[in-house]
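The values are calculated or read from the model by the stated rules, or taken from the named source; none is laboratory data. None of these values were measured; they are calculated from a predicted model. Neighbour counts run over all protein chains shown; Cβ positions are idealised from the backbone, glycine included. Surface accessibility is based on the protein's heavy atoms, side chains included, excluding ligands, DNA and RNA. Shrake-Rupley method; radii C 1.70, N 1.55, O 1.52, S 1.80 Å.
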Amino acid sequence: MNEQAIIAAAQKGDVNAYNRLVVAYQELAYNVAYRVLGNSDRAADATQDSFLRGYKALGDFRGGSFKSWILRIVTNSCYDQLRVMRRRPTTPIDDLLEDDEHSSLMEDHSESPEDYVERRELDGVVQTALNTLPEDQRIVVVLSDIQGYSYDEIAQITSVSLGTVKSRLSRGRAKMRDYLVAHREQLPVSVRL
Amino acid sequence: MSRSSQVNTREHRFTAERLCAFLDGELSIKDARRVDEHLATCVECQREMTQLRATVDLLRRSPVRPIPRSCTLPPSMQSEQARHRRWNTAYAVMRGGMVAVAAMLVLSLSVDTAFRTGLVQLPSEAPAASAKDYGVMAQQSEGVVVTQVVEKIVEREVEANVETELDGEAEGVVEGEPIAALAAPAAEPNSEGEAEGVSSLAVPSLKQAESPAPSDTVGAGSPQEGVREALPEASTESEGGSEPQAEALALPVVRSEQPPATAVAPAEAPAQPEPAVDVAAVQPVSEPQGRGAAWAVWETARLLLGVLVGLLLVLAAGLLWAGQKRRA
Ligand SMILES: [Zn+2]
């Protein structure tokens, strides 16, 4: 069963068909949300909310890339979550708990304990650097440099012009570079700038 | 500042603004060549380029996180959605039905009105509709209330009654008094209690007819005959509106299902002198002649109307119920 057929079935209200799409894209959606929001609980909420919204809005889906379509919903959910977070900023306790989540990285049984520690360090620094960016730039940097989308795709997902994508990415990436250069001692030796 | 360093500054700025897109291969071939040429000569831009590439590489390597909980929807969403669809279908069907019934109602009403006002006539029918009829038509075609039509129907029935009475009286021996009694209420055909007026008309004439011969026997050619013929019409047409009178009449009355058409028919043939009060003068709306066929159409239309109104009400109730169920 190809994706078009699954989408068609889901559009007729087949929740099992829709869940196959959820399973296929929820990790991508969650990782985008996590990098944008910097909080796993918020990211999980945003992802759940996105797929629920997606199910209800599936009638509006008019072909094209389902991945781009659902990511647009995810970015909108992220903006909603960011609004909520601005109203109720997370307490330092939450941040500590977040740091203690040792199981939060994907397990890779082939890697050594040292590699795992390095990966965790990298994860932490990247997220801290991303958190310093303005939201608009952060979303574009996440979509481009973490998820590898083209400018066109990002323009579609974020509903802005190509020029806006270019300038946001240019400025966001420059800020990331500045942060990583300034905090290079926190980075694993192999990836230091 | 030398000319070459001026050019260099311009190219440096140009490149600095496009390094990001250059890195992503999103520049036009022409711009990319220009950036490439500047990079070959500018150490600063080279360093910037290296750092940006390292940043992107680092971000690309950032670990993927497993999702803490699955976002698949519960199966209950399925039934909810399906139920939603069922209701939507039911709703659409009922809405369609409502529209169809409403359309039929309007159609039958206008056909009915057209027949009643004489605008539309069977080929044999001669009289053209009066100006008043056109006025009524215009009023009604503007979508004005059903009650008007109903009033009109009552009016027509009253007229039919009056005619019947007159015919009966005309044939009867008793002259003068009953006609005068009839004429008085008939002279105000637009009063609200017309149906009542007609039945009360029947009462004095019954009394007059019965006073000379109180027994129930029907003498052929007797004065009562004409009155008795007229009475069933009065009692059937004014049913519900005037129970006491109807009961008072009940004894001598032989309930007939005869349509008024038979009662009207004699109007074409009367050899008797016209009564003092002419019906046409009282009610200026010209009656379509030869109502036999037309009357059947009216009756059918009226029956249809009743059925349609009933259907409409049932559908409205269904819609309301479905809407509430949906909201719940
Ligand atoms: Zn330069």
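Every condition in (1) touching a helix residue (DSSP H, G or I) at 6+ places or on another chain (Cβ under 9 Å); (2) in the same structural domain as B:L305 (by TED's automatic domain parsing) is met by B:N8 except one, and the failing one is (2). A count restricted to the stretch B:24-44 and to residues that are within 15 Å of the ligand (Cβ to nearest atom) and assigned to a loop (DSSP other than H, G, I, E, B) stands at 1.
A:C78 meets all of the listed conditions (1) surrounded by fewer than 20 Cβ atoms within 10 Å (Cβ to Cβ); (2) part of a helix (DSSP H, G or I); (3) more than 11 Å from every other protein chain (Cβ to nearest Cβ) but one, namely (1). Note on the stretch A:18-44: residues that are more than 7 Å from chain B (Cβ to nearest Cβ), buried (at least 19 other Cβ atoms within 10 Å of the Cβ) and without any contact (Cβ under 8 Å) to a residue 40 or more places away in the chain total 1.
Go through the stretch B:45-58 and report how many residues are near the ligand (Cβ under 10 Å from one of its atoms) and of a type outside the set (S, T, N, Q). Spell out how you get there, then give the answer.
Residues of the stretch B:45-58 near the ligand (Cβ under 10 Å from one of its atoms): B:45-49.
The next check asks that each one be of a type outside the set (S, T, N, Q); those that pass are B:45, B:47-49.
Residues flagged as near the ligand (Cβ under 10 Å from one of its atoms) and of a type outside the set (S, T, N, Q) within the stretch B:45-58 amount to 4.
The residues in the stretch B:20-45 that are open to solvent by less than 80 Å² (accessible area, probe 1.4 Å) and of a type in the set (D, E) can be counted, and the count is 3. Is it the case that the stretch A:2-16 has a residue that's of a type outside the set (D, E, K, R), more than 8 Å from every other protein chain (Cβ to nearest Cβ), closer than 28 Å to A:P134 by Cβ and buried (at least 17 other Cβ atoms within 10 Å of the Cβ)? No, the stretch A:2-16 contains no residue that is of a type outside the set (D, E, K, R), more than 8 Å from every other protein chain (Cβ to nearest Cβ), closer than 28 Å to A:P134 by Cβ and buried (at least 17 other Cβ atoms within 10 Å of the Cβ). For the stretch A:55-74, a tally of residues being in contact (Cβ under 8 Å) with a residue 24 or more places away in the chain and within 13 Å of another protein chain (Cβ to nearest Cβ) returns 5. Of all the listed residues (B:M98, B:M104, B:M94, B:M49), the sole one being more than 10 Å from chain A (Cβ to nearest Cβ) and within 29 Å of A:V126 (Cα to Cα) is B:M49.
Considering only the stretch B:2-19, I want to know if a residue exists there that is away from the ligand (no atom under 16 Å from the Cβ), within 14 Å of chain A (Cβ to nearest Cβ) and open to solvent by 60 Å² or more (accessible area, probe 1.4 Å). No: the stretch B:2-19 contains no residue that is away from the ligand (no atom under 16 Å from the Cβ), within 14 Å of chain A (Cβ to nearest Cβ) and open to solvent by 60 Å² or more (accessible area, probe 1.4 Å). If you go through the stretch A:158-185 and pick out every residue that is open to solvent by 70 Å² or more (accessible area, probe 1.4 Å) and either in a loop (DSSP other than H, G, I, E, B) or touching a Gly at 6+ places or on another chain (Cβ under 8 Å) (or both), you end up with 1.
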